[in-house]
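Reviewing the structure listed below.
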Amino acid sequence: MNMKKIVALGMTAAMALNLAACGSSSSGSAASGAAASKSASGDKVIKIGVFEPTTGENGGGGFQEALGIRYANQTHKTVKIGDDEYTIELVEVDNKSDKTEAVNAANKLMGEKVSGVIGSYGSGVSIAAGQIFADAKVPAVGASCTNPQVTEGNDYYFRVCFLDPFQGTVMANYAMQNGYKTAAVLTQLGDDYSSGLGSFFKTAFTNLGGTIADEEQFQTNQTDFKAVLTNIKAANPDIIFAPSSITTAPLIIKQARELGITSLIAAGDTWENSTIIENAGDSAEGVVLSTFFDEAEPANDEAKSFIEGFKPYLKDNKQDEIIPAVSALGYDAYLALYNAIEAAQSTDGEKIKDALKDVKFDGVTGSISFDENGDAKKNMAFIKTIEKGQFKFLTTTTIDG
Amino acid sequence: MSLTTFLQQCLTGISLGGAYALIAIGYTMVYGILRLINFAHGDIFMMAGYFMIFAMASMPWFIAVPFVLLVTTVLGVGIERVAYKPLRSAPRMSVMISAIGVSYLLQNLATYLFTALPMAYPEIPGLKKIFKIGGLSASFVTFFTPVLTIVLVYLLITLIHHTKMGMAMRAVSKDYETAALMGIDINRTISFTFAIGSLLAAIGSILYFTDRMTVFPFSGSLPGLKCFVAAVFGGIGSIPGAVVGGFVLGMGETALVAAGYSTFSDAFTFVVLIIILLVRPTGLFGEKTTNKV
């Protein structure tokens, strides 16, 4: 009898914990919801969906992107439509870095009747959810999803970052200009971001006259890269291009150095994340990557005030005080939607979508406007390297077209 | 493929196999005694990884290592007490569902407590020292893992065959009710089995993560599944079987990746599972021929 009681207690405790976990994942929206009703009793509310992974493989990066969005919601809390002051309320859902969960999460947002959506970190989940947003006629603004397919053929998807073909070209150019003539490409199977960026790099690199010495692939959640890296070592390339998630990056870097590989290791925007330096330690020295944003080189006044305001915000959220590029993009995606709502003078998704097409504003990652595909017109990327445990600005690359 | 590359790949495969073998023993022992597939085993392994991160943050390694082994053992035994023991007379399926529940609970608890961001695994002095022999380059832990695995398995088999507790374990695995009638303390024996399984998972975790450097809440799920397959392959219930299964899987997987078929490296594990179930359902060292512990 006694035993049963203990078990029952244990179960209750477990359930309580579960509930607590659920509570925390939605706390962002709850908090802002409460704030909205307090400051704006009688006021009108417009809902914006935040479609980000806070758990799963990309949980870390998604959280950083969501922080940028939440911060933007603090600085741009209300929008005037006609004579009414609307309070913007964020509705956060977790797409769990999983394409199936992404569809569920997107449907949930549609059920909440949001006027627009921001996200997601990770191109795969954005592609999976794109059709749902389009069917519901709700515009979505991607922050850091760089795969072309996100916006292709989807009138309702926009994004504020540059694209993978561009990013791949930037890195290929950088490699060739600095005398790296042979490359190995290491990509993740079934990950649209990784395999897409890898193949764009490959195309650009071969067009520029470089040789692809080896191509290797690995599985999601794989932690042992020694076998693929041994193959790469045998091919002895000048540069290893390994676009991948921040979970796998430190493993690849460390294991490569451990096997005695001395080639330059390079990747795309995801790698600009301090957890990589933290986890890979000394091995991360010399890694080169392309990114959207550099806090040492604010592009305009908006960027300056963002950097000043966001650092304390990061501190309040117990994060490192290095602004991740994805947070900056999250902020910009929010601004894009904000400007569009203001221009449309409506909470209707269709009208906001039309307004987005003509929106032009200064974001923290540079001036932003959208082309006919809904992609931000950007032709500049920052190239950074890791030096003495810090991301160091190396050069900017501009490519026409 | 040059000889150096070949040897380097072999080394990788053997080292991975050693870590798999240590975890697979945990599955096989619990199955041998309770006829329960302890799905939470992979997550105990993951928790051991987190324990090590926190232990190393505040203690020197020679205290941290035993501390982690102890805490993991307590966790394993605790889970048995809370989630499996009350179901001892329930149908086997209920216990299995309970095990799956514990597995999810641990994964989500870890996500909640430690976030989904990967955390750096601390270095134990010496284990990460890099050795170079000719063109081969590997850290000490790569050489050490298979050796330690063999030593531990030898000790474990001695324990099962030459101690009183080992005799009790064998008796319980043969016939649980008769063993109880003969005056064997069933609960103590089962707890002991879980303690050993978790201890080996903790050792496996130290070796595995030292080589792979980061821990995140799902880092136990795939190794857990693979080691389960290793145990089935070797004949679930048989310790030498689990060890052989671990090495076969580790090396097979590495060989496939080395040959350029990384697309199929995970599939390999599960194809092995299907084939063995079709051809020889009791596994290589099936329980009909050997002891069940």
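Scanning region A:345-364 for residues that are surrounded by 17 or more Cβ atoms within 10 Å (Cβ to Cβ) and either free of Cβ contacts under 8 Å to residues at least 24 places away in the same chain or charged (D, E, K, R) (or both) gives A:Lys351, A:Lys353, A:Ala355, A:Val359. So how many residues does region B:98-141 have that are among the aliphatic types (A, V, I, L, M) and more than 8 Å from every other protein chain (Cβ to nearest Cβ)? Result for region B:98-141: 11. Does B:Gly197 satisfy the condition of being under 30 Å from A:Thr275 (Cα atoms) and either basic (Lys, Arg) or under 17 Å from the mean Cα position of the chain (by Cα) (or both)? Judged against the criteria, B:Gly197 is not a match.
Those helices (runs of 4 or more DSSP H) of region B:160-219 in which 1 or more residues are touching a residue at least 24 places away in the same chain (Cβ under 8 Å) and basic (Lys, Arg) occupy B:164-174, B:186-212. Based on this model, can you work out whether A:Ala40 counts as away from chain B (no Cβ under 14 Å), farther than 28 Å from A:Gly130 by Cβ and at pLDDT below 80? When the stated conditions are applied, A:Ala40 passes them.
Every residue, every condition in (1) within 30 Å of B:Leu207 (Cβ to Cβ); (2) more than 29 Å from the chain's Cα centre (by Cα); (3) not assigned by TED's automatic domain parsing to the domain that holds A:Asp192, yes or no:
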| site | (1), (2), (3) |
| --- | --- |
| A:Ala213 | no, yes, no |
| A:Phe218 | yes, no, no |
| A:Gln222 | yes, no, no |
| A:Thr230 | yes, yes, no |
| A:Ala235 | yes, yes, no |
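Return yes when B:Leu3 is farther than 18 Å from B:Phe228 by Cα and not charged (D, E, K, R) and no when it is not. For B:Leu3, the condition - farther than 18 Å from B:Phe228 by Cα and not charged (D, E, K, R) - is met. So, in region B:1-31, exactly how many residues are closer than 12 Å to B:Phe247 by Cα and within 14 Å of another protein chain (Cβ to nearest Cβ)? Adding up the residues that qualify gives 12. Restricted to helices (runs of 4 or more DSSP H) entirely inside region A:36-138, those with at least 2 residues that are among the charged types (D, E, K, R) and in contact with a Ser or Thr (Cβ under 9 Å, 6 or more places away or on another chain) are A:59-75. Per the conditions (1) closer than 30 Å to A:Gln255 by Cα; (2) under 15 Å from the mean Cα position of the chain (by Cα); (3) open to solvent by 20 Å² or more (accessible area, probe 1.4 Å), the sole criterion not satisfied by B:Leu22 is (3). Does B:Val77 satisfy being assigned to a helix (DSSP H, G or I), farther than 19 Å from B:Phe144 by Cα and of a type in the set (Val, Ile, Thr)? Here the answer is yes, as B:Val77 does meet what is asked.
A:Gly330 fulfils the conditions (1) surrounded by 15 or more Cβ atoms within 10 Å (Cβ to Cβ); (2) out of contact with any Asp or Glu (no Cβ under 6 Å at 6 or more places or on another chain); (3) touching a residue at least 12 places away in the same chain (Cβ under 8 Å) except for a single criterion, (2). Check region B:187-209 and report whether any residue there is away from chain A (no Cβ under 14 Å) and surrounded by fewer than 16 Cβ atoms within 10 Å (Cβ to Cβ). Yes, there is a match, as at least one residue in region B:187-209 is away from chain A (no Cβ under 14 Å) and surrounded by fewer than 16 Cβ atoms within 10 Å (Cβ to Cβ).
The values are calculated or read from the model by the stated rules, or taken from the named source; none is laboratory data. What you see is a predicted model, and the numbers here were worked out from it, not measured in a lab. Quick reminder, even Gly has a Cβ in these numbers, built from the backbone with ideal geometry, and neighbours come from all protein chains shown. Note: areas computed on protein heavy atoms with side chains; ligands, DNA, RNA excluded. Shrake-Rupley method; radii C 1.70, N 1.55, O 1.52, S 1.80 Å.
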